[in-house]
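The structure appears right after this line, and notes come after that.
The values are calculated or read from the model by the stated rules, or taken from the named source; none is laboratory data. Note that the coordinates shown come from a computational prediction; the quantities given were computed from them, not determined experimentally. Please note: Cβ atoms are built from the backbone with ideal geometry, for glycine as well, and neighbour counts cover all protein chains shown. For the accessible areas, the whole protein counts, side chains as well, though only heavy atoms, and no ligand, DNA or RNA atoms are used. Shrake-Rupley method; radii C 1.70, N 1.55, O 1.52, S 1.80 Å.
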Amino acid sequence: MYTTVLTIHSWLRWIAIIAGVGATLAALRNTARTDDSVADRWGLFMMMALDIQMLVGLILYLALSPFTAQAMQDFGAAMRTPQLRFWAVEHITMMFAAVILAHVGRVLARKAKTPAAKRTRLIVCFGLSTLLMIAGTPWPGTMNGRPLFRGL
């Protein structure tokens, strides 16, 4: 079960990252003028991808992952072990922040009084959200690296 859910989580990251880059680029291209703009559609797709990714990640974190289970047995020791600290705190914190920024950015953009303010809010929030996703991903070659395409 763990391997299957981890594989799904691994593949969903690509959808979330691509959606984040797409939403940020759409806002940068100044396509955020109306409520049904390209930037809004990319932003909605990004939020949906992040929400699904977060749900699968929480299943891993709370129920299936041997790393978090080990970390929760002795949290103090886990904080002194970089690999466990990454999974128990750093990864989940960055990803939660990315999800929150995407949602906040979309709400702030909808409440903006001018198209320029809307665009700025989307660029900042979606851009930071995307950067957090990239920073919190366990890329190959890093201490906690994972394969780019699990299961292949």
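Key figures for this structure:
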{"read-out": "Structure-derived percent of Cα pairs over 29 Å apart: which label, when the choices are (i) 20; (ii) 10; (iii) 24", "value": "(iii)"}
{"read-out": "Unit charges at the beta carbon, dipole of the chain: most positive-side option, VAL99, LEU58, ALA116", "value": "ALA116"}
{"read-out": "Mean accessible surface per residue for the chain, computed with a 1.4 Å probe while every protein chain stays in place, in Å²", "value": "55"}
{"read-out": "With every protein chain in place, the chain: carbon and sulfur % of accessible area (1.4 Å)", "value": "71"}
